[in-house]
Amino acid sequence: MSAVEKQNPVEARLDALTIPEGGFAAPARAEALARLRAMGLPGRRDEYWKYTNPADLVAAMPPVAPAFDNGDETPVFDAIDRLKIVFVDGVFDAAASDDLTLAGVEIARLAEPADISWAGGLYGKLEADGQTPVARPMAALNTAAATDGVLIRVTGQAARPINLIYVHSSETSDPILHHCIKLEAGAELTVLENGPAGARFNKVMEVDVGEGARFHHVRAQGRDHQRRAVTHIFARVAANALFKSFTLTANGVLTRNECVIDIVGDDAVAHVAGAALGDGATGAFHHDDTVFVTHGALRCESRQVFKKVLKHGATGVFQGKILVKEGAQKTDGYQISQSLLLDDDSQFLAKPELEIYADDVQCSHGSTTGAIDETALFYLRSRGVPVDEAIKLLVLSFLADTIEEIEDERLRDDITERLEAWLNRHQD
Amino acid sequence: MLEIKNLHVKLEEEDKVILKGVDLTVEDGKVHAIMGPNGSGKSTLSYVLAGRDGYEVTEGSAELGGEELLEMEPEERAAAGLFLAFQYPVEIPGVGNMTFLRTAVNAQRKARGQEELTAGEFLKEVRAKAKTLKIDAEMLKRPVNVGFSGGEKKRNEILQMAMLEPKMCILDETDSGLDVDAMRLVADGVNALRDAGRSFLVITHYQRLLDHIKPDVVHIMADGRIIKTGGPELALEVEQNGYADILAEHGLEGVV
């Protein structure tokens, strides 16, 4: 190819990658690669990327991004008794990680040459299923090219949470991680994730929640202002199972979090929530939550609760859909997306959608954008609470519904502390 | 002592004058009531004193214990000892009543240069005061005013007043939306706080609240001014005859 000839963006991106060979995942990688080539990478003209410019995410090389110094802040989840698995710029750090042994849980790594039969049936499977009706090329790219990740199979009640910790060290790192989590019938696990991972990050987590199993996910995406990340969660939720995911996002130039949930068994519950804090004064802030929940069974409940606090030219995006398939009667679907704009410079773009093919369902969605409630602010101040403190209380009040989605009180308190600390740092 | 002199107030956004020269002095330890027809400016007076946005003071002054209130931020007025019990207390989801109270108490103590209360000290005090107002532990834990009945909201206002120990309490139609029993409970709470160093300004439409909170002085407000001042008997007179006669004396027939 001559230097002046314009290269296809997919090939340019793939040229910058080394796709791992062999192992149980090889067939899935090959299929994902074919899917990616057929779909192409997302561009500005794609309807699904209308509000978020994917240029930095699809470019062959990541923009240079120095690691961020969190100062003397105690790392999130530090007080929680958990099993740590650490990746530095996407590379497993054995020294910083705990032994990968936990009663009732099998833990392996994608990069370890092992033939893990259960993972062969999951790796790339939920991602592939999640490519319709909407294409998700960044996830296909991930399946094809992921260099590492954890493979977790839970057969009982995990004694403590597994904490995936991502560390950003190199200013040109471009990690691609892919995790597979399978909860067998009746199993229970909490997965914690935190940290910014790299200059640019592409992560997929596939979660197969078996009958009556319970999966909890709490994530804090780090404080890097220069973070560029695209993440996907693909979940399949079986009968009587519970899936709950919460994400805190503070700062970040460009973050797109997609969550694709397929409820396939009766009486299952799936909740996904997010709290985002963005201050454009510390560099650009653009945060996008894109959620797709499919109800395919009887009497299931789903909730999407997303709130964003935006200031100084920050942008928040929400695209959320509830699809109720034919026959999925007695579905209870709920979706709320709200933004609190702390000044006139910020914006919130929301596209809530419902698509329903069953006649006996209860689904609701709402989206609001607003400023601080002046009456509430006056009420607090009239009690002697200084204006900065009063605004902080009202922001926490606004975000409370999302925090409520975290079941474990210790995790809830830890996340609330992060929110308060961020608000203290961003009072102007 | 609260001393309001020749207070003129208009709406910030419109050319509408609401207070047209209010003169009022409430001495320490006294209870003054303000009655008056709708639209007379009673609630505006309370908001202006507490420092709500949206009003412009064009003339006059309001001093509390010799300090000019009108120059202060709302939180500074609170720290100076002013308290407004809202007609419609605001619901704040996600903020626990206890957290709110403790934040307020300690913010005021800090502003006055006092030690902040420890969690233990605060808890002990709030429990004792809540008990006398029949506010149970559950209500203290719930988010501020969320899901509270009308009576519970007003009792919660009085609890805040009891905790903050202000010098000057303004009650803005605290009786609205209350049944007789709830009103008695609120009035008992207020009466328990009556003290030689504390004054009250009770704004109400009806005499009935004043049966329970006995005022020393009653003012009638109309058309942005105090047009008549008297003893408790003035409230009874209004209850029996309405405002028409008093307004007519002042050439304000059209105001009701």
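The values are calculated or read from the model by the stated rules, or taken from the named source; none is laboratory data. This structure is a prediction, so every number in the text was calculated from the model and none was measured. Virtual Cβ from ideal backbone geometry, glycine too; neighbours counted across all protein chains shown. Each accessible area value is taken on the protein alone, full model and side chains, heavy atoms only, with ligands, DNA and RNA left out. Shrake-Rupley method; radii C 1.70, N 1.55, O 1.52, S 1.80 Å.
Across the options A:51, A:222, A:257, the greatest Cα extent toward the positive end of the charge dipole of the range A:3-372 (unit charges at beta carbon of Lys, Arg, Asp, Glu) belongs to A:51.
Only protein heavy atoms count here, probed at 1.4 Å, and on that basis chains A and B bury about 1900 Å² of accessible area in total. Restricting attention to chain B, close to 60% of DSSP beta bridges with both partner residues there are antiparallel. Taking amide hydrogens as placed 1.01 Å from N in the peptide plane, the amide H of residue A:207 sits under 5 Å from those of A:181, A:234, A:235, A:236, each at least 5 positions away in sequence or on another chain. Distance from the alpha carbon centroid of the range B:162-217 to that of the range A:123-143 works out to 65 angstrom.
For the protein assembly as shown, evaluate the Debye formula with one uniform point scatterer on each Cα (no solvent term) and list log10 I(q)/I(0) at q = 0.05, 0.10 Å⁻¹, rounded to two decimals. Treating every Cα as an identical point scatterer, log10 I(q)/I(0) equals -0.32, -0.94. Comparing B:171, B:128, B:199 along the charge dipole axis of chain B, the residue lying farthest to the positive side is B:128, per the Cβ-charge model.
Share of the protein assembly as shown's accessible area from carbon and sulfur, percent, 1.4 Å?
After summing per-atom areas, the C and S share lands at 47 percent.
Rolling a 1.4 Å probe over the heavy atoms of the protein chains gives the range B:1-97 an accessible area of 40 Å² per residue.
Test of understanding: extend the Cα→C-beta vector of residue B:56 to 7 Å, then name every residue of the range B:11-43 with backbone N under 13 Å from that spot. The answer is B:11-18, whose backbone nitrogens lie closer than 13 Å to the label point.
Averaging Cα coordinates gives a centre for the range A:389-428 and one for the range B:1-60; these two points are 38 Å apart.
Distant-in-sequence amide contacts of residue A:369, defined by a placed amide H-H separation under 5 Å and a gap of 5 or more residues or a different chain, comprise A:339. Annotation note: chymotrypsin sites (Phe, Trp or Tyr not before Pro) in the range B:133-217 located in DSSP loop regions with a Cβ neighbour count of at most 16 within 10 Å are B:206. Counting only DSSP beta bridges with both residues in chain A, the antiparallel share comes to about 5 percent. Rg ratio for chain B: its Cα radius of gyration over 2.2 N^0.38 Å, N being its residue count, equals 1.01.
Each part gets one Cα centre, and for the range A:361-379 versus the range A:30-69 those centres are 33 Å apart. Compared with its chain on its own, the range B:28-51 contains the following residues whose accessible area drops by 10 Å² or more in the full protein assembly (probe 1.4 Å; ligands, DNA and RNA excluded): B:50. Among the trypsin sites (Lys or Arg not before Pro) within the range B:4-99, those in coil by DSSP and having at most 13 neighbouring Cβ atoms inside 10 Å are B:16. From the largest down, the range A:200-256 spans 41, 17, 10 angstrom on the principal axes of its Cα atoms.
Based on DSSP H segments of at least four residues, each scored -39500 (n - 2.57), chain B has a per-residue ellipticity at 222 nm of -11000 deg cm²/dmol. Residue by residue, the range A:55-70 carries 3J(HN,Hα) couplings of 3, 5, 7, 9, 4, 4, 10, x, x, 5, 9, x, 5, 9, 8, 6 Hz when phi is fed to the Karplus relation 6.51 cos²θ - 1.76 cosθ + 1.60 (θ = phi - 60°); x denotes Gly or Pro.
Net charge of the neighbourhood of residue A:383, taken over other residues with C-beta under 12 Å away and scored Lys/Arg +1, Asp/Glu -1, is 0. Converting the Cα gyration tensor eigenvalues of the range A:3-372 into ellipsoid dimensions via √(5λ) gives semi-axes, longest first, of 27, 26, 22 Å. Near residue A:68, within a Cβ-to-Cβ distance under 12 Å, what is the net charge of the other residues, with Lys and Arg +1 and Asp and Glu -1? Counting the neighbours of residue A:68, the net charge comes to -2. Protection proxy ranking, highest mean first, for peptides A:354-364, A:150-160, A:231-241: A:231-241, A:150-160, A:354-364, where packing is the per-residue count of other beta-carbon atoms within 10 Å, averaged. With all protein chains kept in place, the per residue accessible area of chain A amounts to 37 square angstrom at a probe of 1.4 angstrom.
In the range A:388-402, burial by the other protein chains removes 50 Å² or more of accessible area from A:393, A:397, compared with the chain on its own (1.4 Å probe, ligands and nucleic acids ignored). Treating only the Cα positions of the range A:49-193 as identical point scatterers, give the base-10 log of I(q)/I(0) from the Debye formula at each q in 0.08, 0.14, 0.20 Å⁻¹. For the requested q values the scattering log ratios are -0.27, -0.82, -1.37.
With respect to chain B, whose longest principal axis is taken over its alpha-carbon atoms, helix B:150-164 is tilted by about 70°.
Please tell me which of these pairs span more than 28 angstrom C-alpha to C-alpha: A:50/A:392; B:167/B:214; B:10/B:129; A:125/A:244; A:182/A:321? Pairs exceeding the cut-off: A:50/A:392; B:10/B:129.
With runs of 4+ DSSP H residues as the only contributors, calculate the mean residue ellipticity of chain A at 222 nm using -39,500 (n - 2.57) per run, divided by the residue total and rounded to the nearest 500.
The helix-only estimate for chain A comes to -6000 deg cm²/dmol at 222 nm.
Comparing the full protein assembly with the isolated chain (1.4 Å probe, heavy atoms, ligands and nucleic acids excluded), the residues of the range B:98-143 losing at least 30 square angstrom of accessible area are B:100, B:103, B:107.
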